[in-house]
Amino acid sequence: MPSSLYSDLRMRYVIIGNGVAGATAAMTLRKRDETASITMISGESDYFFSRTALMYAYMDRMTLRDLEPFERNVWDKQAIRRVRGWVRDINAGGVTLESGESIPYDRLLLATGAQPNRPSWEGVDHASSGFVHFVSLQDLDQCERLTQPAGKAIVVGGGLIGVELVECLAHHGMDVTFLILEPWYWPVAMATESMPFMMPLLCVAARYGSAEAKRDAWTMPSAMSSPPMSKSASAGTGMRQEARARRRSARFDRMRR
Ligand SMILES: Cc1cc2nc3c(=O)[nH]c(=O)nc-3n(C[C@H](O)[C@H](O)[C@H](O)COP(=O)(O)OP(=O)(O)OC[C@H]3O[C@@H](n4cnc5c(N)ncnc54)[C@H](O)[C@@H]3O)c2cc1C
């Protein structure tokens with residue numbers, strides 16, 4: 001078959017997102033189809049990096065390059081084209097980047113991850129210069145710019161990311177106040193029954209935080225007598241469901257823009 005005709009028949013896959021989902025999809029597609037055209041687009045970074053290790057970069061234990069699980073040339077070797085840019089529009093045959101560039105596709109995969117929940121509290125907009133999430137490389141950059149030894153920080157949200165952020169800020173000598181909705185932090189992972197075993201560890205962790213954090217950690221056993229799903233926790237579940245729905249709808253809105 002003449003090579004020009006052959007190349008016209010290749011399936012064109014476009015993947016939006018180069019996180020673990022997008023990168024795994026690209027490599028799996030390549031294994032299944034040696035000739036396909038595969039393009040992976042990301043607005044955040046040139047290369048797939050491990051988001052789960054973001055805290056180690058913040059604590060200067062790893063460089064940004066260390067966060068990349070693969071050698072950079074692996075993508076060229078597998079003929080996976082990387083495109084840096086935010087997708088602003090999708091139509092039946094192609095995606096358009098903010099730069100105006102258009103990329104055609106036969107098959108499109110959205111591997112765009114999740115969006116952090118930005119609460120609509122009164123006053124949040126006025127606090128925007130010191131108000132950050134801890135999800136993306138851009139967030140890391142902003143967190144690093146705002147980090148001041150002996151400065152004060154408030155972390156809202158007692159999930160895994162909140163816990164990690166507290167650890168990072170405490171590592172940099174900041175005085176951290178940790179606001180959580182549930183009776184204890186990281187409730188998804190820590191069941192009521194596990195608290196007696198976890199308490200000594202929590203108290204050790206609190207030594208690195210503020211005096212208030214240490215005091216709160218020591219007063220936490222009282223929360224252990226709460227029923228597994230307290231009123232505040234079930235309110236939290238409802239709020240999380242709402243937040244999830246909002247994030248989903250925000251993501252689709254963003255993709256339509
Ligand atoms: C600090 C932190 C710690 C975590 N720790 C853990 C952990 O210990 N264990 C665990 O299991 N999970 C952890 N997670 C969650 C885990 O990182 C995510 O579940 C995982 O990254 C999701 O992968 P993904 O590929 O679906 O999306 P993502 O990693 O979010 O990647 C999506 C990509 O799509 C790109 N994108 C989105 N929209 C567009 C657009 N319009 N145009 C172009 N590009 C776009 C984004 O820039 C991003 O690069 C952690 C998350 C964070 C933030």
- [ ] In whole Hz, with x marking every Gly and Pro, tabulate ³J(HN,Hα) for region 132-139 from phi via Karplus 6.51 cos²θ - 1.76 cosθ + 1.60, θ = phi - 60°.
- [x] 10, 9, 10, 10, 10, 5, 5, 5
- [ ] Assuming a ≥ b ≥ c are the square roots of the Cα gyration tensor eigenvalues, decide whether region 24-105 counts as rounded (a/c under 1.5), prolate (otherwise, with a/b larger than b/c) or oblate.
- [x] oblate
Open item on the list: At a 10 Å Cβ-Cβ cut-off, how would you order 154, 16, 80, fewest neighbours first?
Closed with: 154, 80, 16
- [ ] Would you please put 166-172, 35-41 in order of how densely packed they are, using the mean number of other Cβ atoms within 10 angstrom per residue and starting with the highest?
- [x] 166-172, 35-41
Task: Distance (nanometres) between label positions extended 7 Å along Cα→Cβ at residue 120 and residue 66 - done: 4.2
Open item on the list: Between residue 181 and residue 10, how high is the FRET efficiency from 1/(1 + (r/R0)^6) when r is the Cβ-Cβ distance and R₀ = 41 Å? Nearest 0.05.
Closed with: 0.20
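Just subtract the alpha-carbon distance of residue 137 and residue 194 from 0.36 nm times their residue separation and send over the number in nm, one decimal.
Computed gain between residue 137 and residue 194 is 17.2 nm.
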Open item on the list: Quick check: pseudo-label points 7 Å beyond the Cα along Cα→Cβ at residue 150 and residue 52, how many nm apart are they?
Closed with: 3.8
Open item on the list: Give me 121, 75 sorted ascending by neighbouring Cβ count inside 10 Å, so fewest comes first.
Closed with: 121, 75
TODO: Using R₀ = 45 Å, calculate the FRET efficiency as 1/(1 + (r/R₀)^6) where r is the Cβ-Cβ separation of residue 127 and residue 77; round to 0.05.
DONE: 0.45
Open item on the list: Using the crude model of +1 on Lys and Arg Cβ and -1 on Asp and Glu Cβ, and no other charge, please compute the dipole size for region 3-110 relative to its Cα centre, in debye to 20.
Closed with: 240
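Quick note: the coordinates plus some simple rules give every number you see, no bench work behind them. Note that this is a predicted model, so its numbers are computed, not measured. Cβ atoms come from the backbone with ideal geometry, glycine included; neighbour counts cover every protein chain shown.
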